[in-house]
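Some notes on the structure that comes next.
The values are calculated or read from the model by the stated rules, or taken from the named source; none is laboratory data. Remember, it's a predicted structure, so these values are computed and weren't measured experimentally. Here Cβ is always computed from backbone atoms with ideal geometry, including for glycine, and neighbour counts include all displayed protein chains.
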Amino acid sequence: MTDKRTIRRAMRARRMALDADERAQAMRDVAARLLAWPAYRTAQTVFAYVAARGELDLEPVLCDALASGKTLLLPRCEADGEMTARCVQTLDELVPGTWGLREPGTDAPVCAPERIDLALVPGVAFGRDGVRIGQGGGYYDRYLPDMRGVIAGIGYDFQIMDGLQASAHDVPVAFVATPGGIIRCRKE
């Protein structure tokens, strides 16, 4: 088993090595899968993310959520090291925030995790058993335990790895959506 630091370094490098055409095709493929997925179609409140540092871009899904009248929530990293899910009406209202990420402003309404139907979360690696290796800041692992809705990891097909080890604080995902399909995670 490789340590998380090594996995993060390798997966980040692999994501960044993708060319623009590969990224665009992956975005189209994962968006098509998510938009057809019953968990997305029936969700009224969707918590997602704005891609950064080579993460799989969900912009078509974000735009669809807004256009179809869903409540779209995006993360905001707060000064106290916590993350909040904030409601947005348009992607144009995003501002540069912590870590240089585009995120909702401080005036965007906060939504409690218990109200989220579907969370689409990034990661650097995912196991078929639901293990999610994040960026290392722990923001999602601190936020997601109070969520009652479906949690789905989002990544490229190569980010699915066998033998990942979860730490005690790691929050598992129920599904992983990649350009190649949506995987229902099995608990081993």
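Data for the structure
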read-out	value
Conditions (1) among the aliphatic types (A, V, I, L, M); (2) within 19 Å of Val176 (Cα to Cα); (3) in a strand (DSSP E or B): number failed by Ala85	(2)
Residues (free of Cβ contacts under 8 Å to residues at least 24 places away in the same chain and closer than 24 Å to Arg28 by Cα) located in region 62-119	Ala65, Ala67, Ser68, Gly69, Val88, Gln89, Asp92, Glu93
Unique residue being β-branched (Val, Ile, Thr), under 19 Å from Ala65 (Cβ atoms), over 14 Å from the mean Cα position of the chain (by Cα) and modelled with pLDDT of 90 or more when the list is Val95, Val150, Val121, Val110	Val110
Region 6-27, residues that are in contact with a strand residue (DSSP E or B) (Cβ under 8 Å, 6 or more places away or on another chain) and of a type in the set (D, E, K, R)	Arg8
Verdict on Leu56 being within 25 Å of Leu164 (Cα to Cα) and aliphatic (A, V, I, L, M)	yes
Candidates Val121, Val61, Val50, filtered to the one that is part of a loop (DSSP other than H, G, I, E, B), under 27 Å from Glu22 (Cβ atoms) and β-branched (Val, Ile, Thr)	Val50
